[in-house]
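**Student:** One structure, as structure tokens, below. Some questions next.
What follows is calculated from the coordinates using simple rules that are stated; it is not laboratory data. These numbers were taken from a predicted model, which means no experiment stands behind them. As a convention, Cβ positions derive from the backbone with ideal geometry for all residues, glycine included, and neighbour counts pool all protein chains shown.
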Amino acid sequence: MLPSGASPRTPEAVEAKAASAASLSVLDAEIADCFACPRLVSWRTEVAVTKRAAFRDQTYWGRPIPGFGAADAEIAILGLAPAAHGGNRTGRIFTGDRSGDVLFAALHRAGLANQSTSVSVDDGLQLRNTRIFAAVRCAPPDNKPLPQERDTCAPWLRRELELIRPSLRVVVALGAFAWAAWWPALIDVYGLRPPVPRPKFGHGAEVILPGAPDLLGCFHVSQQNTFTGRLTPAMLDEVFARAKARAGLA
Ligand code: SF4
């Protein structure tokens, strides 16, 4: 599916394009054609040109990364943003980096992925009952999007959640950034106010609100967490077992 019309280059254009996307395939194409954040457009393009030495023979994607997985997913995994030499290189979220190695191995153990690795868009990976997407769709410098970039990108997240709302039962937020990105979506998509005080992120935290998907907190699968043992495979297994149970898949 090709994007319709001019590429979005302003927050207002992102709003309009996201709101009018009638299907996930249209939304995915529109996201991949987005140029609304000048700093991130510049960074994703620069990384794609300079490359990491190990990947110098590869053509980097260098664009925003749409969601990946089942259109009728019961479980959504919400991340922060693509990695410069992972998703920004391969064109698929959590693909081609150490974070993805850990995440997809866990999803495979949970029966939510048909294979344990994710190395390229044509590697045959398929998710079951699960869709993965990020709060910000372009790789940011130092993995740190600015608040304005998070807000500009929010309509893509909102629309993706609206489109999978009929089946969605559980959202797993990977890290505090994703956890925080959930609250505006809860208001906009489900018309619900977050609890007061707002629940704090933590590994194993959960928020259950009637009329919305259950929210589960999980430490991010970043190397800082997995290399240090802060997040172990057993901890991920527990989160996905709980997600499956809450989604009625266990
Ligand atoms: S971060 Fe989001 S809104 Fe900004 S350019 Fe990328 S896709 Fe567009």
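**Student:** Given 25 °C and 0.890 mPa s, how large is the Stokes-Einstein diffusion coefficient of segment 1-145 in µm²/s, with Rh as the Kirkwood radius over Cα pairs?
**Tutor:** Reported coefficient: 158 µm²/s.
**Student:** Using DSSP to define loop residues, name the trypsin sites (Lys or Arg not before Pro) in segment 109-189 whose beta-carbon has at most 15 other beta-carbon atoms within 10 Å.
**Tutor:** Within segment 109-189, no trypsin sites (Lys or Arg not before Pro) qualify (loop, at most 15 other Cβ atoms within 10 Å).
**Student:** How large is ³J(HN,Hα), in whole Hz, for each residue of segment 83-97 in order, when computed from phi with the Karplus curve 6.51 cos²θ - 1.76 cosθ + 1.60 and θ = phi - 60°, using x for Gly and Pro?
**Tutor:** 8, 4, 10, x, x, 5, 8, 8, x, 10, 4, 6, 10, x, 9
**Student:** Still on this structure: Could you tell me the center-to-center distance, by alpha carbons, between segment 113-169 and segment 190-250 in angstrom?
**Tutor:** For segment 113-169 versus segment 190-250, the Cα centre distance is 16 Å.
**Student:** Quick one: which of LYS51/LYS244; LYS17/LYS200; LYS144/LYS200; LYS17/LYS244 span more than 30 angstrom between C-alpha atoms?
**Tutor:** As for pairs spanning more than 30 Å Cα to Cα, those are LYS51/LYS244; LYS17/LYS200; LYS17/LYS244.
**Student:** Right, here's the next one. Please give the length that would be gained between VAL196 and ASP72 if that part of the chain were fully extended, namely 0.36 nm times their separation in residues minus their C-alpha to C-alpha distance (nm, one decimal).
**Tutor:** Result for the pair: 41.5 nm of gain on full extension.
**Student:** Say each of THR228 and LEU209 gets a label point 7 Å from the Cα, pointing the same way as Cα to Cβ; how far apart are those two points in nm?
**Tutor:** 3.0
**Student:** Scan around ALA134 for amide H atoms under 5 Å from its own, H built in the peptide plane at 1.01 Å from N, and keep only partners 5 or more places away or cross-chain.
**Tutor:** Excluding prolines and chain starts, which carry no amide H, the hits are GLY79.
**Student:** Go through segment 16-29 residue by residue and turn each phi into a ³J(HN,Hα) via Karplus (6.51, -1.76, 1.60, θ = phi - 60°); whole Hz please, and just put x for glycine and proline.
**Tutor:** For segment 16-29, the Karplus-derived couplings read 5, 5, 5, 5, 8, 6, 8, 8, 5, 5, 5, 4, 4, 5 Hz, x marking Gly and Pro.
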